[in-house]
């Protein structure tokens with residue numbers, strides 16, 4: 001079990017007027033801002049309220065209207081939280097979990113924090129699988145560069161709702177693969193937490209399709225992938241929290257377009273006829289990647305879809321004929 005930050009119940013809390021409460025909270029918020037100026041004092045205050053609410057169950061409104069008198073053990077925990085935020089550690093890492101596609105996933109330093117655009121990818125992938133689920137009794141999916149397993153496990157959540165509506169039984173195998181053994185520990189933990197009827201997970205560690213190839217895996221109906229697609233020169237465009245604390249090997253690549261071409265070449269033999277791959281990518285390289293794809297794979301279809309903000313974000317890759 002990967003340790004989170006929610007442990008045993010906190011000491012008893014006595015509610016009531018406490019003039020010292022706001023002052024101490026403001027001091028902690030000021031410390032966060034002084035250490036990490038990207039978080040304003042107001043934002044830090046809101047985060048402190050949210051942290052207390054997460055740990056105690058007392059709503060932020062209640063904390064503001066009727067502030068509690070905390071045991072010093074609780075204040076020590078708030079001190080720890082403030083120290084972590086003052087060096088820019090992301091809130092999700094401190095909390096030890098994140099909400100993604102209707103699920104609570106374990107997360108921590110060394111693993112990429114899922115973004116809303118990756119939830120969009122998961123939603124698209126779920127919809128893309130529906131015809132295969134309706135027409136077959138066996139469907140196979142690969143989450144490549146899986147990190148925490150958020151896409152594959154989120155897909156399992158979406159697929160389970162589709163399976164509930166089918167008149168026939170369909171089994172689904174979802175493979176989670178990543179080069180990082182540390183990330184795979186989170187993927188395994190999250191897969192153990194979120195099991196669904198007729199859905200089986202498998203785990204692979206290695207570079208791209210190498211472990212899949214060694215295992216002699218059968219072709220997939222769908223391959224999803226969120227690879228490192230940011231050029232190191234773009235680090236100034238990242239938030240300070242991301243640049244300082246999220247894993248560089250999950251974010252950056254020296255030649256992202258070349259990486260996408262390599263991924264497509266590797267996954268093509270593992271796609272069933274009529275199968276599809278959906279890859280998240282940067283809007284800065286979308287057009288280049290599409291041109292490379294169309295040039296390299298004449299018998300395949302390559303298209304770019306936009307996310308909800310209108311940015312070119314998803315590469316859709318499909319081949320009618322096997323290699």
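Nothing in this text is a laboratory measurement; each read-out follows from the coordinates by a stated rule. Since this is a predicted model, take the numbers as computed values, not measurements. In this analysis, Cβ positions are derived from the backbone assuming ideal geometry, glycine residues included, and neighbour counts consider all displayed protein chains.
Label point of residue 299 set 7 angstrom out along Cα-Cβ; within segment 190-231, no amide nitrogen lies under 15 Å from it. Remark: the residue 306-residue 69 segment gains 80.4 nm on full extension, using 0.36 nm per residue and subtracting the alpha carbon distance. Angle of helix 181-193 to the longest C-alpha principal axis of the chain, folded into 0 to 90 degrees and rounded to 10: 80°. Residues within the reach of a label modelled at residue 20 (point 7 angstrom out along Cα to beta-carbon, backbone nitrogen below 16 Å), restricted to segment 35-78, are 67-78. Among DSSP bridges having both ends in the chain, what percentage is antiparallel? Round to the nearest 5. In the chain, approximately 45 percent of DSSP beta bridges are antiparallel ones. Can you compute the FRET efficiency between residue 193 and residue 218 using 1/(1 + (r/R0)^6), with r the Cβ-Cβ distance and R0 = 41 Å? Round to the nearest 0.05. That pair, residue 193 with residue 218, gives E of 0.95. Helix 72-86 and the longest principal axis of the C-alpha atoms of the chain enclose an angle of approximately 50°.
The gain in end-to-end length when the residue 179 to residue 237 segment is fully stretched comes to 18.3 nm, 0.36 nm per residue minus the alpha carbon separation. Which residues does the label zone of residue 262 cover in segment 139-159, counting backbone N under 14 Å from a point 7 Å along Cα→Cβ? The answer is 145. Each label was represented as a point 7 Å from its Cα along the Cα-to-Cβ direction; for residue 83 and residue 130 these points are 5.1 nm apart. Relative to the longest principal axis of the Cα atoms of the chain, helix 256-267 runs at roughly 60 degrees.
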